[in-house]
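Novice: I am attaching a structure below and will ask some questions about it afterwards.
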Amino acid sequence: MKKLASLDVDGTEEAVVLRTKLWSLARALLLSKTEATRTATLLSELSRRLLAEEDSFALRIDLDEPDRRRIRFSVKEGVAIPESKDDPFRRFFDRVDIGEIGEGCFWMVLEKNLPAASSGEEVRTFDELREIVERLSEHQLLERVERRNKELAKAYEALRNSRNELLNRAQSLAKLGGWEIDLDTMKLDWTDELYRIHELPTSYRPTVEDALQFYAPEARGVVSAAVEKGIEEGEPWDLELPFVTAKGRRLWVRAMGYPERENGKTVRLAGVFQDITEFKQSQLLLEKQFEALAFKNRELEQFAYVASHDLQEPLQVVTSYTQLLARRYGSALDEEGAMFIRYANEAAQRMKALIKDLLDYSRLGRKGEWEEIPCNEILDTVLENLRVSIEESGATVTRSELPSVIGSRIELEQLFQNLISNAIKFTREGQAPAVRVEAVELEEHWQFSVSDNGIGIPPDYRERVFTIFQRLHNKADYEGTGIGLSICKKVVELCGGDIKVESSESGGARFIFTLSKRPPASDLPGAGLKTGEKPAANVDLRTTIASLSK
Amino acid sequence: MNPKLNLILLVDDDIPTNALHKIVIKDSGIANSVHAENSAEAALKYLKDIESHPRPDVIFLDINMPGMNGFEFMKAYDTLDEKCKGRAIIFMLTTSLNPDDQVRAEGFSSVTGFRNKPLDEETLQEVAEQVVAL
C-alpha cells in the first residue's frame, strides 16, 4: 500500500471539505456516483462522530499501487465507538477493522475494493489523485459552499415572491387586507390590498391617526373606542362600518382587530380589513325587501280582517231589514215581490258566508300553538263533526294507519274536514260515498291521500279549484262558497307541504297532500333571517384569514 | 217606440242576477225578449240548437262563473259554426273592472265591450244604440 494523503480534519467546515474531497477522489478511482456518495457520506459520518469527542483527527488514505484494486482509510486513534457487525460501514466497506488502544481509544481501518478500469475510462496518475485530495484548498471549497448557499437563497426568495404574489392576488380578489400596529413604536403596516381599498399609492406611509380618518365621521367614535378597549383589555373587535376612500368613494368595510398581549399588556394590534360594500348593499337591499314584504303581508292580513269585519255590519242591517220587510209586508206583496225579498235575503246570507270564510282564511297561520298531533285523533274529531252528513248520505270512511304530524290542531282539522266533506258532498246520484284516507312515509314528508268515488274533477280545473272563491259547480247544484280547498292549500303550505288532485280509481277525486316532518317556523319568505344576522358565507372569514397569514 | 233588438241572451250562474237583469231589460223596452242561462256550458248548448231557438242580437256574459268561465266560453264560442253565432254582439259583465280581465278580453275579437254588473236602464239604452249603429 502506498500512502496517498494524510488529512488533518478539525471542525465542521473541514468535515464539509473532507466530504467533497473524498467524493471527487472516489469518482477519480472509478467508483460509481452512488458508491462515491456512500464513501463520502460514511466517512463524514465517521468524522462527525470523532469530532464530537475530540477537536481533530487524522485520516490517512492508502492505495495499492500500481494495481489500484483497493483503497484504505485509516484513523490511527480516536474515541470512536466500536460498530456492531451489521452497521452501514460493514455493509459498504470490504474490510472494517477496529482495535482498542486502551481507555476507550480505538484505531480503525476501512478498505473498499475498486473496480478495474474498462477501456475508454480515464485512469488518473497517482499524482493527479493526490492533487484531488490536496489541491482544493479550504478557501476554494468555502467559496463553493457559499455559492451554493446563494443559489439556495435565490431560489427561496423566488419561492417566497411567488407565494406573496399568490397571497396578494387572493387578498385582492377577496378585497381583504391585513394591518399591524406595533404599540411601542406606533408603526402601522399595511398589506397591498389595504392601499387598494384606501385608494392610496403604496408609497403612502400611513399613521394610526391617518388611518382613523378614513372611516366615515359617524363611525370614527366606534373604531377608536374599539381600539382603545383592545389596547386596554385585550378584547378583539369585529365591526361593519361606513368608510370613505382617499378619492372620496363611500364603502362599507369590515374591520377586525386582534390585540396581542404579553405579560398582561397589549403589545401589538393586528387585524383584517375587508371591503364588503357589495355584500353590504345586497344585504341591505334584502333587509329592505324583507321588511317591505313583511309589511305588505301584515297590511294584507289587516286588510282582509278589517274588511270582513266592517263588511259584516252593513250586511247585518240589510239582512235585518229584508227580514222585517218580509214579516211586516209579506202578505201585501205579490209572488214577484216575495221573490225579490227572497233573492235579496239569500244574497245577503251568501255574502255573510263569504265574509266568514274570508275571515277564517286570513286568520290561518296566526293562531294556535304548534304541537305534535296524531292524525288518527284529528280524523276521529272530523268524523264526529260530520256525523250528520255521513249518516244522511250513507257514506263509509276508511283509513290506513295515520302518523302524528306537527301543526296547529284547528288547522289540521279544517284540512281533513274540508277534504272529507267535499268527498261526501260531490257524489254521483244514487251512489253512497266511499272515502278512503291513507298515509305513506316519504323521506322528509308524510304523504296523505283522500280518495272518493264521487263526480271527480275534470283535468282542466284541477289547479283552479285551490284558488279562493273559485267554484266548479253552480250554487244551485252544490252549495258552498269556494273557500274549502283554498284553506286546505294554505294549511298544507304552512306545514311545508303541497297539495294536488288527481283522478281516483273509481273516477272520483283523489286529493294528495304532503306535510313536512319538520315544518317551517314561519310562512314568510326569508323569515329566518333577522336583521343584522350575517349569512353563513361570511362566517368562515376568520379561518380564511388565519390560513392566509400562515 | 219599437224595440231595437229582438233577443238578448244572459249568461250568468247567479239566478237572482239573471232575474234582475230580465226585469231591467223588460222595463227598458230595448228588446222583444230575454233568455237566461245559468252556466256557460248551457249557453253553448242553447246556441248550438239552431232549430229550436232564434239567434240572440246581444249576449251579456258573466266572467266569473263556476266551471267554465267567461273567457273559456269565448274560446269555445270562437270555434262555433257561423250559423250558430248569428249576428250576436257580446258584452262581458263583471262587478269590478279588473284591468287584467280587460287585457284578456282584448284577445277575443268577438267581444265588443265590458259593462258593469248589475245592468241598469242607462247602460242598456247606450248598448242598444251602439248595437244599432254597428
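Read the figures in this text as sums done on the coordinates, not as results from a lab. Please read all numbers here as calculations on a predicted model, not as lab measurements. Note: ideal-geometry Cβ built from the backbone for every residue, glycine included; neighbour counts use all protein chains shown.
Novice: Show me A:427-439, A:445-457 ranked by packing, highest mean number of other Cβ atoms within 10 Å first.
Specialist: A:445-457, A:427-439
Novice: Quick one: Karplus J couplings for the stretch B:42-56, per residue in order, coefficients 6.51, -1.76, 1.60, θ = phi - 60°, nearest Hz, x for Gly and Pro?
Specialist: Karplus-based 3J(HN,Hα) across the stretch B:42-56 equals 5, 5, 5, 4, 4, 5, 6, 7, 5, 4, 8, 10, x, 7, x Hz.
Novice: Enter the mean number of other protein chain beta carbons within 10 Å of the beta carbon of each residue in A:470-477, as an integer.
Specialist: 5
Novice: Note down the relative contact order for the stretch A:11-72 as a percent, whole number, built from C-alpha pairs under 8 angstrom at least six residues apart.
Specialist: 28 percent
Novice: Only Lys, Arg, Asp and Glu count, each charged at its Cβ (+1, +1, -1, -1), so figure out the dipole size of chain A about its Cα centre, rounded to 20 debye.
Specialist: 1100 debye
Novice: For the pair residue A:122 and residue A:1, how long in nm is the line joining their label points, each one 7 Å along Cα→Cβ?
Specialist: Computed distance between label sites residue A:122 and residue A:1 equals 2.8 nm.
Novice: Under 5 Å between amide hydrogens, which residues at least 5 positions from residue B:69 or on another chain qualify, with H placed 1.01 Å from N in the peptide plane?
Specialist: none
Novice: Which FRET efficiency, nearest 0.05, do residue A:52 and residue A:143 yield, Cβ-Cβ r, R0 35 Å?
Specialist: 0.85
Novice: If you don't mind, another one. Which whole-Hz couplings ³J(HN,Hα) result when phi for each residue of the stretch B:119-131 is put into the Karplus expression 6.51 cos²θ - 1.76 cosθ + 1.60, θ = phi - 60°, listed in order with x for Gly and Pro?
Specialist: Calculated HN-Hα couplings, in order: 5, 10, 3, 4, 4, 5, 4, 5, 4, 4, 5, 4, 5 Hz.
Novice: Let me ask another. Which lysines, if any, have their Cα less than 30 Å from the Cα of residue B:48, not counting same-chain residues under 8 positions apart?
Specialist: Straight-distance partners of residue B:48: A:475, B:4, B:22, B:26, B:75, B:83, B:85, B:117.
Novice: Let's test the formula: R0 of 25 Å, r as the Cβ-Cβ distance of residue A:134 and residue A:98. What FRET efficiency results, to the nearest 0.05?
Specialist: 0.35
Novice: Here is a further query. Fully extended, how many nm does the chain gain between residue A:325 and residue A:65 (0.36 nm per residue separation, minus their Cα-Cα distance)?
Specialist: This chain segment gains 78.9 nm when fully extended.
Novice: Amide H to amide H under 5 Å from residue A:235: which residues, 5+ apart in sequence or cross-chain, H placed 1.01 Å off N in plane?
Specialist: A:230
Novice: Whose amide H sits under 5 Å from the amide H of residue A:77, counting only residues 5 or more places off or on another chain, with H placed in the peptide plane?
Specialist: Distant-sequence amide H within range of residue A:77: A:58.
Novice: State, as an integer percentage, the relative contact order of the stretch A:369-519 based on alpha-carbon contacts under 8 Å between residues 6 or more apart.
Specialist: 24 percent
Novice: Most exposed first by the Cβ proxy, i.e. fewest other Cβ within 10 Å, how do B:84, A:488 rank?
Specialist: Ascending Cβ contact count within 10 Å gives the list B:84, A:488.
Novice: How large is ³J(HN,Hα), in whole Hz, for each residue of the stretch A:286-294 in order, when computed from phi with the Karplus curve 6.51 cos²θ - 1.76 cosθ + 1.60 and θ = phi - 60°, using x for Gly and Pro?
Specialist: Using θ = phi - 60°, the values come out as 4, 4, 4, 4, 4, 5, 4, 5, 4 Hz.
Novice: How far, in nm, would the chain grow between residue B:45 and residue B:23 when pulled straight, counting 0.36 nm per residue and subtracting the alpha carbon separation?
Specialist: 5.5 nm
Novice: Once you keep just the Cα pairs under 8 angstrom separated by 6 or more residues, what percentage relative contact order results for chain B?
Specialist: Across chain B, relative contact order equals 26 percent.
Novice: Cut-off 19 Å, label point 7 angstrom out along Cα-to-Cβ of residue A:316: give me the residues of the stretch A:332-370 whose amide nitrogen falls inside.
Specialist: Within reach of a label on residue A:316, which here means backbone N under 19 Å from a point 7 Å along Cα→Cβ, the stretch A:332-370 contributes A:345-360.
Novice: Projecting each Cα onto the charge dipole of the protein assembly as shown (Lys/Arg +1, Asp/Glu -1 at the beta carbon, about the Cα centre), which of B:111, A:52, A:63 comes out farthest on the positive side?
Specialist: A:63
Novice: In terms of Cα to Cα distance under 23 Å, which lysines are near enough to residue A:3, apart from those fewer than 8 places away along the same chain?
Specialist: The reachable lysines, counting only those whose Cα sits under 23 Å from residue A:3, are A:21, A:76, A:112.
Novice: What FRET efficiency, computed as 1/(1 + (r/R0)^6) with R0 = 45 Å and r the Cβ-Cβ distance, is obtained for residue A:186 and residue A:286, rounded to the nearest 0.05?
Specialist: Approximately 0.65, to the nearest 0.05.
Novice: Related question: So, in nm, how far is label residue A:297 from label residue A:518 when the simple model puts each one 7 Å beyond its Cα toward the Cβ?
Specialist: 2.0 nm
Novice: Please compute the modelled spin-label separation between residue A:154 and residue A:172, points set 7 Å along Cα→Cβ, answer in nm with one decimal.
Specialist: 2.7 nm
Novice: From other protein chains only, count the Cβ atoms within 10 Å of every residue's Cβ in B:6-15, then give the mean.
Specialist: Across B:6-15, the average partner-chain Cβ count within 10 Å equals 2.
Novice: Of A:297, A:283, A:271, whose Cα points farthest to the positive end of the dipole of the stretch A:267-348 (charges on the beta-carbon: +1 Lys, Arg; -1 Asp, Glu; origin at the Cα centre)?
Specialist: So the residue we want is A:271.
Novice: A further question follows. Per-residue ellipticity at 222 nm for the protein assembly as shown, helices alone: DSSP H runs ≥ 4 residues times -39500 (n - 2.57), over residue total, nearest 500 deg cm²/dmol?
Specialist: -15000 deg cm²/dmol
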